[in-house]
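Taken together, the values in this text are just the output of simple stated rules run on the coordinates, not laboratory data. On a predicted model such as this, the values are computed, not experimentally measured, just so you know. Every residue, glycine among them, receives a Cβ derived from its backbone with ideal geometry; neighbour counts consider all protein chains shown.
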Amino acid sequence: MAAAISGLLLRLNDSHTYFLRPQRLQPVIFGFRAKAFENDVRIYEMMPGGPAEEAGLHRGDKIIAVEDFVANRKLVDAEMRYFQYLDPRLTIKLKVVRNGGLPQDFIVNGRQPATSSKEFVKLYEDYSKEEQEKKQTKDVTVRREEGGIAYLRFPSFMVSTTRADFLLKEAKDAQALILDLRDDGGGREDTMKDMAAHFLPDRTRMALAISRNKQEEIIAKPRNPNLTAPLFLLVESHSASASEVLARVLQLKKRATTTEFRLVLPSRYPRQFYWMARSWKIAACFRT
């Protein structure tokens with residue numbers, strides 16, 4: 001039944017709609033996180049000493065199947081949610097490609113805190129605490145890079161419009177802009193409109209908001225400072241909602257164009273990336 005309901009909601013193709021059991025089951029800890037980078041699903045985070053590491057998996061491994069179900073950009077989040085939360089199982093089979101080699105099967109023996117040793121529970125709690133601290137330090141930031149490049153990081157659109165305005169004004173004299181929306185799950189509609197208004201030269205209809213009782217156009221009107229420098233947008237498979245709308249509007253308005261790069265780089269960017277920003281070769285929207 002859980003599989004049928006989950007599959008039905010998956011067809012809506014809505015990142016905000018998914019099924020959770022009325023009676024929550026204890027999730028299984030597999031000790032890794034994976035998501036889509038371009039068209040590949042790769043492991044980007046590993047719990048030190050966790051089940052995935054014990055099974056021999058590596059950060060950067062490409063997952064092509066989960067329990068014999070194909071793993072791709074559209075399905076992998078739903079698959080992992082199902083096997084961890086909806087129908088928890090203590091073992092999961094992954095088919096993995098490493099360094100362009102032949103597919104290999106890995107069996108990950110998951111753990112549940114209630115039935116695990118005190119040592120493992122402590123290990124998992126320390127890991128979870130560290131990950132939570134990392135998320136809390138991912139604040140909205142702006143910094144200046146060499147060559148007159150301004151780098152703006154927006155991990156969420158829950159920031160106020162006043163804060164967003166302040167940061168964008170800090171970048172008004174930049175010769176090129178990098179706007180990082182990776183892992184930005186969205187947030188406030190007014191912040192999205194305000195940010196778009198600083199990059200768009202004219203009044204733009206961004207979307208149509210449809211509620212039960214009314215329909216309302218979401219309009220962005222140009223604001224000062226209007227930033228005209230070449231713009232690079234970084235988005236990926238976990239950029240959603242408001243950040244996804246902003247990226248698409250800027251792309252359609254040719255304020256940003258789409259160039260796909262196969263990068264699995266969580267914190268730093270290659271020299272080629274900054275070289276492209278310095279070259280002033282039109283803005284690019286990266287789907288990693």
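Extending 7 Å from Cα along the Cβ direction at VAL121 and again at GLN215 yields two label points whose distance is 5.5 nm.
Ranked by the mean number of other Cβ atoms within 10 Å of their residues, highest first, the peptides 164-171, 209-216 fall in the order 164-171, 209-216.
The label point for MET158 and the one for LYS254, both projected 7 Å from the Cα toward the Cβ, are 3.9 nm apart. Listed cross-link partners LYS62/LYS122; LYS62/LYS93; LYS129/LYS193 are compared with a 24 Å cut-off, the Cα-Cα value being larger for LYS62/LYS122; LYS129/LYS193. Residues whose amide H falls under 5 Å from that of ALA34, counting only those 5 or more places apart or on a different chain, are TYR44, with hydrogens built in the peptide plane.
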